[in-house]
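Just below is one structure, and these are the notes that go with it.
The values are calculated or read from the model by the stated rules, or taken from the named source; none is laboratory data. This one's a predicted model, so the numbers in the text were calculated from it and none came from an experiment. All Cβ positions, glycine included, derive from the backbone under ideal geometry; neighbour counts span all protein chains shown.
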Amino acid sequence: MTTPSAAPQPDALPVLAGTGLHRTYRLPRRGPFEPGPVRTAVDGIDLTVAPGARLGIVGESGSGKSTLVRLLAGLEAPSAGTVTASGRPVVASASAAAMRWFRRETGVVFQDPYASLDPRMRVGTIIAEPLRALRIPGDHRELVRRVLERVDLPVDAVDRYPHEFSGGQRQRIAIARAVVHEPRILFGDEPMSALDVVVRARVIDLFRSLADDLGLTLVLVSHDIGVVQRLCDTVAVLSEGRIVEHGPVALLDDPQHDVTRALVAAAPTLP
Ligand SMILES: Nc1ncnc2c1ncn2[C@@H]1O[C@H](COP(=O)(O)OP(=O)(O)OP(=O)(O)O)[C@@H](O)[C@H]1O
Ligand SMILES: [Mg+2]
(Lines give C-alpha, C1' and ligand atoms only; values in the text may rest on other atoms or scores of the structure.)
(Ligands and ions follow the chains in the order given, each with its own letter.)
Protein backbone atom coordinates (compact mmCIF):
# COMPACT_ATOMS: atom_id res chain seq x y z
CA MET A 1 0.00 0.00 0.00
CA THR A 2 1.32 3.43 -0.87
CA THR A 3 0.92 6.36 1.43
CA PRO A 4 -0.28 9.53 -0.22
CA SER A 5 2.64 11.95 -0.49
CA ALA A 6 2.37 14.92 1.80
CA ALA A 7 2.07 18.43 0.38
CA PRO A 8 5.53 19.97 0.06
CA GLN A 9 6.60 21.81 3.19
CA PRO A 10 7.67 25.41 2.63
CA ASP A 11 11.20 24.59 3.80
CA ALA A 12 11.50 21.72 1.33
CA LEU A 13 10.94 24.13 -1.57
CA PRO A 14 13.97 25.85 -3.02
CA VAL A 15 14.39 29.11 -1.18
CA LEU A 16 14.94 30.67 -4.57
CA ALA A 17 14.30 29.44 -8.10
CA GLY A 18 14.80 31.03 -11.49
CA THR A 19 13.11 29.32 -14.42
CA GLY A 20 13.79 30.09 -18.07
CA LEU A 21 15.38 33.42 -17.21
CA HIS A 22 16.21 35.79 -20.04
CA ARG A 23 17.18 39.42 -19.87
CA THR A 24 17.83 41.59 -22.88
CA TYR A 25 18.63 45.29 -23.06
CA ARG A 26 17.89 47.60 -25.92
CA LEU A 27 20.97 49.74 -26.46
CA PRO A 28 20.62 53.40 -27.54
CA ARG A 29 19.49 53.91 -31.15
CA ARG A 30 22.26 54.54 -33.64
CA GLY A 31 20.41 57.06 -35.76
CA PRO A 32 16.93 58.59 -36.06
CA PHE A 33 15.65 55.67 -38.14
CA GLU A 34 17.78 52.89 -36.78
CA PRO A 35 16.66 51.18 -33.57
CA GLY A 36 19.35 50.34 -31.07
CA PRO A 37 20.71 46.80 -31.08
CA VAL A 38 19.53 44.30 -28.48
CA ARG A 39 22.06 42.91 -26.04
CA THR A 40 21.36 39.63 -24.27
CA ALA A 41 22.72 39.61 -20.72
CA VAL A 42 21.02 36.46 -19.42
CA ASP A 43 20.20 33.87 -22.03
CA GLY A 44 18.10 31.04 -20.61
CA ILE A 45 19.04 30.24 -17.03
CA ASP A 46 17.37 27.69 -14.77
CA LEU A 47 18.68 27.72 -11.25
CA THR A 48 17.45 26.61 -7.85
CA VAL A 49 18.96 27.49 -4.50
CA ALA A 50 18.28 25.20 -1.55
CA PRO A 51 17.66 26.65 1.92
CA GLY A 52 20.99 27.35 3.61
CA ALA A 53 23.00 26.84 0.41
CA ARG A 54 25.93 29.14 -0.32
CA LEU A 55 25.99 29.69 -4.03
CA GLY A 56 28.89 31.40 -5.76
CA ILE A 57 28.35 32.83 -9.23
CA VAL A 58 31.53 33.25 -11.25
CA GLY A 59 32.31 34.14 -14.84
CA GLU A 60 34.30 36.54 -16.95
CA SER A 61 33.39 40.21 -17.11
CA GLY A 62 30.15 40.74 -19.00
CA SER A 63 28.99 37.14 -18.62
CA GLY A 64 25.77 38.25 -16.90
CA LYS A 65 26.57 37.71 -13.21
CA SER A 66 25.23 41.04 -11.96
CA THR A 67 22.18 40.82 -14.18
CA LEU A 68 21.39 37.34 -12.87
CA VAL A 69 21.68 38.53 -9.28
CA ARG A 70 19.45 41.54 -9.94
CA LEU A 71 16.83 39.19 -11.40
CA LEU A 72 17.05 36.74 -8.48
CA ALA A 73 16.97 39.57 -5.94
CA GLY A 74 13.84 41.01 -7.57
CA LEU A 75 15.60 44.28 -8.36
CA GLU A 76 14.93 43.94 -12.04
CA ALA A 77 12.30 42.02 -14.03
CA PRO A 78 13.34 39.29 -16.48
CA SER A 79 12.43 39.74 -20.16
CA ALA A 80 11.17 36.15 -19.98
CA GLY A 81 11.02 33.53 -17.25
CA THR A 82 10.10 33.63 -13.59
CA VAL A 83 11.69 33.92 -10.18
CA THR A 84 10.06 32.33 -7.14
CA ALA A 85 11.03 32.40 -3.48
CA SER A 86 9.81 29.41 -1.46
CA GLY A 87 7.29 28.85 -4.22
CA ARG A 88 5.92 32.42 -4.30
CA PRO A 89 6.39 34.52 -7.42
CA VAL A 90 8.82 37.41 -7.14
CA VAL A 91 7.57 40.27 -9.30
CA ALA A 92 10.16 43.03 -9.52
CA SER A 93 7.66 45.43 -11.06
CA ALA A 94 5.09 44.96 -8.25
CA SER A 95 4.40 47.73 -5.74
CA ALA A 96 6.60 48.14 -2.69
CA ALA A 97 3.76 46.87 -0.50
CA ALA A 98 3.25 43.77 -2.65
CA MET A 99 6.93 42.94 -2.52
CA ARG A 100 7.50 43.68 1.17
CA TRP A 101 7.38 39.98 2.09
CA PHE A 102 10.28 39.32 -0.30
CA ARG A 103 12.31 42.35 0.80
CA ARG A 104 11.98 41.13 4.36
CA GLU A 105 13.50 37.81 3.34
CA THR A 106 16.41 39.33 1.45
CA GLY A 107 19.36 41.65 1.84
CA VAL A 108 21.78 42.89 -0.81
CA VAL A 109 25.38 44.09 -0.61
CA PHE A 110 26.99 45.70 -3.65
CA GLN A 111 30.60 46.15 -4.65
CA ASP A 112 31.20 49.78 -3.98
CA PRO A 113 30.88 50.80 -0.34
CA TYR A 114 31.39 54.45 -1.38
CA ALA A 115 28.56 54.61 -3.87
CA SER A 116 26.05 52.49 -1.97
CA LEU A 117 25.82 54.67 1.17
CA ASP A 118 24.12 58.08 1.11
CA PRO A 119 26.86 60.51 2.24
CA ARG A 120 24.32 62.93 3.78
CA MET A 121 22.77 60.36 6.09
CA ARG A 122 24.11 59.33 9.47
CA VAL A 123 25.12 55.69 9.74
CA GLY A 124 22.36 54.98 12.26
CA THR A 125 19.74 56.28 9.83
CA ILE A 126 21.26 54.34 6.92
CA ILE A 127 21.16 51.06 8.82
CA ALA A 128 17.67 51.65 10.24
CA GLU A 129 16.24 52.46 6.81
CA PRO A 130 15.15 48.88 5.93
CA LEU A 131 13.53 48.53 9.36
CA ARG A 132 11.34 51.55 8.63
CA ALA A 133 10.66 50.69 5.00
CA LEU A 134 9.75 47.10 5.86
CA ARG A 135 7.73 48.16 8.92
CA ILE A 136 9.64 45.85 11.22
CA PRO A 137 8.24 46.19 14.74
CA GLY A 138 10.44 46.74 17.78
CA ASP A 139 13.03 49.19 19.05
CA HIS A 140 14.96 50.18 15.94
CA ARG A 141 17.75 51.93 17.87
CA GLU A 142 18.38 48.75 19.78
CA LEU A 143 18.30 46.59 16.62
CA VAL A 144 20.81 48.96 14.99
CA ARG A 145 23.05 48.88 18.05
CA ARG A 146 23.01 45.09 18.04
CA VAL A 147 23.83 44.77 14.35
CA LEU A 148 26.69 47.27 14.67
CA GLU A 149 28.19 45.09 17.37
CA ARG A 150 27.60 42.05 15.20
CA VAL A 151 29.62 43.51 12.32
CA ASP A 152 32.35 44.80 14.65
CA LEU A 153 31.70 48.50 14.32
CA PRO A 154 31.73 50.90 17.26
CA VAL A 155 28.27 51.65 18.61
CA ASP A 156 28.93 55.42 18.33
CA ALA A 157 29.03 54.94 14.55
CA VAL A 158 25.28 55.72 14.54
CA ASP A 159 25.94 59.46 14.87
CA ARG A 160 28.70 59.60 12.28
CA TYR A 161 28.71 59.89 8.47
CA PRO A 162 29.97 57.31 5.93
CA HIS A 163 32.99 59.44 4.89
CA GLU A 164 34.38 59.11 8.42
CA PHE A 165 34.98 55.38 7.84
CA SER A 166 37.52 53.34 5.89
CA GLY A 167 36.50 51.27 2.87
CA GLY A 168 36.35 48.07 4.91
CA GLN A 169 34.27 49.75 7.62
CA ARG A 170 31.91 51.18 5.03
CA GLN A 171 31.39 47.71 3.63
CA ARG A 172 30.56 46.60 7.19
CA ILE A 173 27.97 49.39 7.34
CA ALA A 174 26.50 48.13 4.05
CA ILE A 175 26.44 44.58 5.43
CA ALA A 176 24.78 45.78 8.65
CA ARG A 177 22.06 47.46 6.59
CA ALA A 178 21.61 44.29 4.54
CA VAL A 179 21.09 42.03 7.57
CA VAL A 180 19.53 44.32 10.20
CA HIS A 181 16.06 42.89 9.48
CA GLU A 182 17.40 39.30 9.69
CA PRO A 183 16.75 38.18 6.14
CA ARG A 184 16.89 34.54 5.03
CA ILE A 185 18.80 35.25 1.82
CA LEU A 186 21.83 37.50 1.46
CA PHE A 187 22.87 38.55 -2.05
CA GLY A 188 26.32 39.96 -2.69
CA ASP A 189 27.53 41.40 -5.99
CA GLU A 190 31.31 41.50 -5.70
CA PRO A 191 31.05 42.72 -2.09
CA MET A 192 34.78 42.18 -1.44
CA SER A 193 36.19 43.35 -4.76
CA ALA A 194 36.87 46.95 -3.81
CA LEU A 195 38.75 45.95 -0.66
CA ASP A 196 42.44 45.29 -0.21
CA VAL A 197 43.49 41.74 0.44
CA VAL A 198 43.68 41.84 4.25
CA VAL A 199 40.38 43.66 4.69
CA ARG A 200 38.84 41.31 2.13
CA ALA A 201 39.78 38.26 4.21
CA ARG A 202 38.10 39.82 7.26
CA VAL A 203 34.94 40.63 5.34
CA ILE A 204 34.87 37.04 4.03
CA ASP A 205 35.04 35.85 7.65
CA LEU A 206 32.22 38.22 8.56
CA PHE A 207 30.03 36.88 5.75
CA ARG A 208 30.71 33.34 6.89
CA SER A 209 29.93 33.97 10.54
CA LEU A 210 26.75 35.88 9.67
CA ALA A 211 25.65 33.03 7.41
CA ASP A 212 26.33 30.56 10.23
CA ASP A 213 24.61 32.60 12.95
CA LEU A 214 21.57 33.69 10.96
CA GLY A 215 21.28 30.47 8.92
CA LEU A 216 21.49 32.58 5.78
CA THR A 217 21.27 31.35 2.23
CA LEU A 218 24.04 33.12 0.30
CA VAL A 219 24.07 34.10 -3.35
CA LEU A 220 27.40 35.67 -4.04
CA VAL A 221 28.86 37.02 -7.27
CA SER A 222 32.60 37.19 -7.47
CA HIS A 223 35.13 37.25 -10.26
CA ASP A 224 37.55 35.98 -7.61
CA ILE A 225 37.47 32.18 -7.46
CA GLY A 226 39.31 32.28 -4.11
CA VAL A 227 36.42 34.13 -2.45
CA VAL A 228 33.96 31.54 -3.72
CA GLN A 229 36.18 28.65 -2.60
CA ARG A 230 36.37 30.12 0.88
CA LEU A 231 32.74 30.97 1.30
CA CYS A 232 30.52 28.87 -0.92
CA ASP A 233 29.47 25.23 -1.11
CA THR A 234 28.03 25.44 -4.64
CA VAL A 235 29.19 27.27 -7.72
CA ALA A 236 27.62 28.27 -11.02
CA VAL A 237 29.93 29.31 -13.84
CA LEU A 238 28.48 31.79 -16.32
CA SER A 239 29.54 32.48 -19.85
CA GLU A 240 27.64 34.69 -22.28
CA GLY A 241 24.53 34.67 -20.16
CA ARG A 242 24.34 30.92 -19.67
CA ILE A 243 25.42 28.50 -16.97
CA VAL A 244 28.20 26.31 -18.34
CA GLU A 245 29.05 24.44 -15.12
CA HIS A 246 27.08 24.11 -11.89
CA GLY A 247 27.68 21.92 -8.87
CA PRO A 248 29.64 21.53 -5.63
CA VAL A 249 32.40 24.11 -5.24
CA ALA A 250 34.97 21.28 -5.49
CA LEU A 251 34.37 21.31 -9.26
CA LEU A 252 36.76 24.25 -9.32
CA ASP A 253 39.53 21.77 -8.41
CA ASP A 254 38.85 19.85 -11.61
CA PRO A 255 37.12 22.20 -14.03
CA GLN A 256 35.55 20.62 -17.10
CA HIS A 257 34.69 23.67 -19.17
CA ASP A 258 37.24 25.91 -20.89
CA VAL A 259 35.71 29.00 -19.30
CA THR A 260 36.07 27.53 -15.83
CA ARG A 261 39.64 26.44 -16.57
CA ALA A 262 40.53 29.96 -17.66
CA LEU A 263 38.95 31.47 -14.52
CA VAL A 264 40.78 29.05 -12.26
CA ALA A 265 44.09 29.65 -14.06
CA ALA A 266 43.67 33.42 -13.65
CA ALA A 267 42.67 33.21 -9.98
CA PRO A 268 44.79 35.24 -7.59
CA THR A 269 45.68 33.32 -4.46
CA LEU A 270 44.53 34.74 -1.15
CA PRO A 271 47.01 34.76 1.70
N1 LIG B 1 21.42 48.28 -17.95
C2 LIG B 1 22.05 47.73 -19.00
N3 LIG B 1 21.91 48.26 -20.24
C4 LIG B 1 22.54 47.73 -21.31
N5 LIG B 1 23.35 46.66 -21.26
C6 LIG B 1 23.53 46.08 -20.06
C7 LIG B 1 22.91 46.58 -18.86
N8 LIG B 1 23.28 45.81 -17.82
C9 LIG B 1 24.09 44.87 -18.33
N10 LIG B 1 24.24 45.03 -19.66
C11 LIG B 1 25.05 44.18 -20.55
O12 LIG B 1 24.74 42.84 -20.28
C13 LIG B 1 25.92 42.04 -20.25
C14 LIG B 1 26.09 41.40 -18.88
O15 LIG B 1 26.35 42.41 -17.93
P16 LIG B 1 26.57 42.12 -16.39
O17 LIG B 1 26.79 43.44 -15.74
O18 LIG B 1 25.47 41.28 -15.89
O19 LIG B 1 27.93 41.26 -16.43
P20 LIG B 1 28.90 40.84 -15.23
O21 LIG B 1 29.18 39.40 -15.42
O22 LIG B 1 28.32 41.28 -13.92
O23 LIG B 1 30.20 41.68 -15.57
P24 LIG B 1 31.31 42.29 -14.55
O25 LIG B 1 32.15 41.13 -14.09
O26 LIG B 1 32.10 43.21 -15.44
O27 LIG B 1 30.61 42.99 -13.45
C28 LIG B 1 27.06 42.96 -20.65
O29 LIG B 1 27.25 42.85 -22.03
C30 LIG B 1 26.54 44.33 -20.29
O31 LIG B 1 27.12 45.33 -21.08
MG1 LIG C 1 28.95 42.63 -12.45
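See the values below:
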| read-out | value |
| --- | --- |
| Index of the failed condition, A92 passing every other in (1) in contact with an Asp or Glu (Cβ under 8 Å, 6 or more places away or on another chain); (2) under 17 Å from V179 (Cβ atoms); (3) of a type in the set (A, V, I, L, M) | (2) |
| Boolean, V203 is over 15 Å from the mean Cα position of the chain (by Cα), over 26 Å from G18 (Cβ atoms), more than 16 Å from ligand 1 (Cβ to nearest atom) and hydrophobic (A, V, I, L, M, F, W, C) | no |
| Matching residues, the stretch 214-225, being surrounded by fewer than 20 Cβ atoms within 10 Å (Cβ to Cβ) and assigned to a helix (DSSP H, G or I) | L214 |
| Total residues in the stretch 62-74, condition assigned to a helix (DSSP H, G or I) and either near ligand 1 (Cβ under 9 Å from one of its atoms) or at positive phi (or both) | 6 |
| Residue in the stretch 53-66 that is of a type in the set (A, V, I, L, M, F, W, C), touching a Ser or Thr at 6+ places or on another chain (Cβ under 7 Å) and either more than 16 Å from ligand 2 (Cβ to nearest atom) or modelled with pLDDT under 95 (or both) present | yes |
| In the stretch 227-248, the residues that are outside any loop (DSSP other than H, G, I, E, B), more than 17 Å from the chain's Cα centre (by Cα) and of a type outside the set (A, V, I, L, M) | S239, R242, E245, H246, G247, P248 |
| The stretch 1-25 - residue that is of a type in the set (S, T, N, Q) and modelled with pLDDT of 85 or more and, of those, surrounded by the most Cβ atoms within 10 Å (Cβ to Cβ) | T24 |
| Output for the stretch 83-112, where each listed residue is assigned to a loop (DSSP other than H, G, I, E, B) and either without any contact (Cβ under 8 Å) to a residue 12 or more places away in the chain or more than 16 Å from ligand 1 (Cβ to nearest atom) (or both) | S86, G87, V90, V91, A94, S95, A96, A97, A98, M99 |
| Count - residues of the stretch 26-61 that are under 26 Å from A85 (Cα atoms) and either surrounded by 14 or more Cβ atoms within 10 Å (Cβ to Cβ) or within 9 Å of ligand 1 (Cβ to nearest atom) (or both) | 18 |
| The lone exception for G81 - which of (1) at pLDDT 95 or above; (2) more than 16 Å from ligand 2 (Cβ to nearest atom); (3) under 24 Å from P191 (Cα atoms) it fails | (3) |
